[in-house]
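To start, the structure under review is shown below, and the notes come after it.
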Amino acid sequence: MTLDSFDALRDLPGAPATQFIDLTAAERGGAGALHRLPYATRVLVENVLRHEDGRTVTADHVRALVAGDHSTSIPFTPERVLLQDASGIPVLADMITLHERATALGLDPATVSPRRRMDLVVDHALELDAAGTADAGATNLALEYHRHGDRYRFLRWAQTRFPTLRVVPPGIGICHQLNLEVLADVISVGTHDGIALARFDSVVGTDSHTTMINALSVTGWGVGGIEAIAAALGQPILIPVPAVVGVRLSGALKPGVLATDVALTLASMLRAHGVVQRVVEFHGPGLTRLSVPDRATIANMAPEYGATMAYFPADDRTLTYLATTGRPEATVSLARTYLTAQNMLYTPDLPTPDYHEVLELDLAQVDRTMAGPSRPHQTFTASELAHTVPPEGSTGANGTGTLHHGDIVIAAITSCTNTSNPKAMVAAGLLARNAVERGLTRAPWTKTSLTPGSRATAELLQSAGLQTALDELGFHIAGFGCGTCMGNSGPLAPAITEQIRQQSLSVAAVLSGNRNFPGRIHPDVAHSYLASPPMVVAMAIAGRTTINPTDEPLATDRAGRPVFLDEIWPSDEDIDLLVNANDSRSLSLGPARPVPLTTTEWESLPPAGGDDYEWDGDAGSIRRPPFADAALTRPVRTGDVVAARPLLLLGDGITTDHISPVARITSDSPAGRWLARHGVPPEKFGSYSARRLNHDVMLRGGFANPRLENKLVPDRQGAWTRVLPDGDIVPVHQAAAIYADRGVSTIVVAGHSYGAGSARDWAAKATRLLGIQAVIAQSFERIHRTNLVAMGVLPIECPDLSPDELDGTAEFDITGLAGCTHTQPAVRVIARATTGVQQFSGRARIDTAVEADWIRAGGLIAHLLTPAIHSLDTVAANTPWTGLSES
């Protein structure tokens, strides 16, 4: 503690021998008007004050936060790192190879060993091979262990390698819901400079929906895997001082409206307003009417509207939730004492903080809302559903068993976004019960499933007596994990698949998830819609999107009478009655029954032996990652980019799903063909998500989404591009190899919101492996921009460069890159085509001094190894990735 002028170290009242950074005392000491700052900013101030060292973290960072100087970056040091298996396993593997390379280069391996607590939850491997049957959950879990045995043995070994790592095995839940219900402390006490110091909990996670924990007043957001490594190593993350947008909530929800409807409404409202790289903070009288699970549903979707965080200040509901979820009394008491001492316990009558700007939302104006058919912010009221269905072919009621355009082939209650919300889940169960009592069934062509984010949700439905009715409609519990939400929806019935493909049908999925990007949910499903859990049940009964579910009957009952949605939609009173009677019992197992975070099956799984991991061969799932090797710890480019060819020319809204898909690997894909050549049968291809530790597969999965539209090949979708100037159409990875052989630099050109979606560092890793030197886009989403920089790829922002107005024959120069030694240097982009020359002003989105260091080194891993690398001269600065080949 060296900020003498801000001397703020005090004893915490009622907590013997415990001290804390008193924000009120810091304000008196000259830190500025901290009490006027947004609550989220005050938490960042405490984080800076606690880690101030006079060098990396200084008093100037506090002053920048207080002044709202958005041109300045401040260090944020999270207390812990949250991982899920799809992104977390590569993080652990990168750490191991980083450790190995450091040792080989003569560095102290302790400098690249994790120091922060890491929780890894296995939740992304659940695939819904079985659904709609009583044994679906057991069947899918057994298949999961069979398919991913090598990945799980690797995790068991990693547990022995990294003392700060805890692994939560498959079959328990989703990382964000468990973070909310079990893992987060809100306030914790740790040793700092030899003293017991109370502090705000904070976290970064390798999944963009880490923001769900903002509902519990915990500072946290999603980062890429490379940045998570830095956090685990104890390094601060530099972020620009965020502008905080206040959202004032007023009014109360109308009967029949749920938190899902609010979250979708906000996704549309805030995406349209523009909150990328900003913090959204909720306040106002309407806040007190939202439970913590309601807030979690809203905060979970912050990536869908582009915010860094969706922060809810702590209040009495926060403390009640801690008690309800079985946190020890000491934890609840500490939280109350600390928040009170810091003047951080929110009530609506307190003065409104000084926000960058304030938006208003009257909860009473929110209606039942859905989103789709391809983006979370494409919202509409339920009555408008039929108008969103693209007019393709025949439509209408389906009573013949033959599929039509617009039919719903997947209806899934899935995702921690909504399964963490007791009211939404009870509403789904009650609607199912009401429907079953009328003799309704799901449409026979609709695959139904329920994949809760924790076992507490299953216990709630069981104790409330609602699971039986859900089972009657095919919503049996198919596992505890992400499932359909992240694209692991499993196969459709063969007859359904055959009809879709033979007739080129545009069918739909409806899910209670957070994302519905093209090609994400299932490769044969053209359109996907987001909805609340009870609406998912209703749409499974209707079986089609060509319906106005508000005014048209969903189906007919056993007596032949039409059944309308409002007839079976449960009342708020009935929902609240069951929630109040059963919620605390399901969430809090009591001190004698702590929430289990492991299983007998997991503990009996033998870890791989030895001090060094035995990596798989070429076709395996656990191969040694190359990112710490010599060829990839050198800068991608030196100086300006000259005469570069666009590997892809893309439009707006390109997501990380487009760049690095997670769905199953098909036989006709470049990755599938590569696996087949290496002796892997199609039934063992698995998914891109599960193959993330096979860089040859993932390289061929780069830009391999079957719905990707590349303007260089306008008549084809998927992983295809045109080699220039020849004009040959080949897979993307082959084109990259051809350009590399010719010594031609490559770039990607795109429109607005490039890199939206998941915090998927493989979208940046694949970009680097393909040899792409820069991505030129009209605008970037926050996480992917950082991931590109962390992999040594330049993000160039050119707002006036529209891909639709470019000639596909152009070569590109990017000048001014010598300025990458500082932040956001101005650059010039010159496009030279047969039709003429176009010039555009832009800036390299190197947002912090730390990122400038990364770019100079060739990426974050190279930066960590820089001292030893610079002592060697064994690899030329522009050595291409040696694994790149056309085959």
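The values are calculated or read from the model by the stated rules, or taken from the named source; none is laboratory data. Just so we're clear, the structure is a prediction, and the values are computed from it rather than from any experiment. FYI the Cβ positions are ideal-geometry reconstructions off the backbone, even for glycines, and counts take in every protein chain you see. Side chains included, ligands, DNA and RNA excluded: accessible areas come from the protein's heavy atoms. Shrake-Rupley method; radii C 1.70, N 1.55, O 1.52, S 1.80 Å.
Listed values, structure above:
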item	result
Amide H within-cut-off set for Gln19, under 5 Å, with H built and near neighbours excluded	Leu12, Ala196, Leu197, Ala198
Relative contact order %, the chain, counting alpha carbon pairs below 8 Å whose residues are six or more apart	13 percent
Region 78-236, dipole about Cα centre (Lys/Arg Cβ +1, Asp/Glu Cβ -1), debye to the nearest 20	440 debye
Per-residue HN-Hα couplings for region 144-150 [Karplus 6.51, -1.76, 1.60; θ = phi - 60°; Hz; x = Gly/Pro]	4, 5, 5, 6, 10, x, 5
Two-site label geometry, Arg832 and Ala676: point separation in nm, points 7 Å out along Cα→Cβ	4.2 nm
In sequence order, calculated HN-Hα J values of region 853-864 (Karplus, 6.51, -1.76, 1.60; Hz; x Gly/Pro)	5, 4, 4, 4, 7, x, x, 5, 4, 4, 5, 5
Other-chain or far-sequence residues with amide H under 5 Å of Phe480's (modelled H)	Gly171
Relative contact order %, region 221-378, counting alpha carbon pairs below 8 Å whose residues are six or more apart	37 percent
Region 671-794, accessible surface, carbon-and-sulfur percent (1.4 angstrom probe)	46 percent
Thr56-Gln365 FRET efficiency (beta carbon distance; Förster radius 51 Å; 0.05 resolution)	0.65
Potential extension, Thr815-Asp612 segment - 0.36 nm per residue separation minus Cα distance	68.6 nm
Additional length obtainable on full extension of the chain from Asp566 to Asp640, 0.36 nm per residue less Cα span	20.4 nm
Order by protection proxy (mean Cβ within 10 Å, highest first), peptides 177-186, 16-25	177-186, 16-25
Under 27 Å from Lys423, Cα to Cα: lysines that are on another chain or at least 8 residues apart	Lys254, Lys447
Ellipsoid equivalent to the chain - semi-axes via the Cα gyration tensor, in Å	38, 36, 26
Amide H contacts of Phe76 (H built 1.01 Å from N, under 5 Å, at least 5 apart or other chain)	Ile237, Leu238, Ile239
Phi to ³J(HN,Hα) by Karplus 6.51 cos²θ - 1.76 cosθ + 1.60 over region 782-796, Hz, x for Gly, Pro	4, 5, 5, 4, 5, 4, 4, 4, 5, 9, x, 9, 7, x, 10
Length added when fully stretched, Thr550-Thr497, from 0.36 nm per residue minus Cα-Cα	16.1 nm
The chain, accessible area per residue, ligands and nucleic acids excluded (1.4 Å, Å²)	33 Å²
When region 296-358 is reduced to its Cα atoms, the Kirkwood hydrodynamic radius in Å	13.6 Å
Helical mean residue ellipticity (222 nm; -39500 (n - 2.57) per DSSP H run of 4+; nearest 500) of the chain	-9000 deg cm²/dmol
9 Å beta-carbon shell around Leu238, net charge (K/R +1, D/E -1)	-2
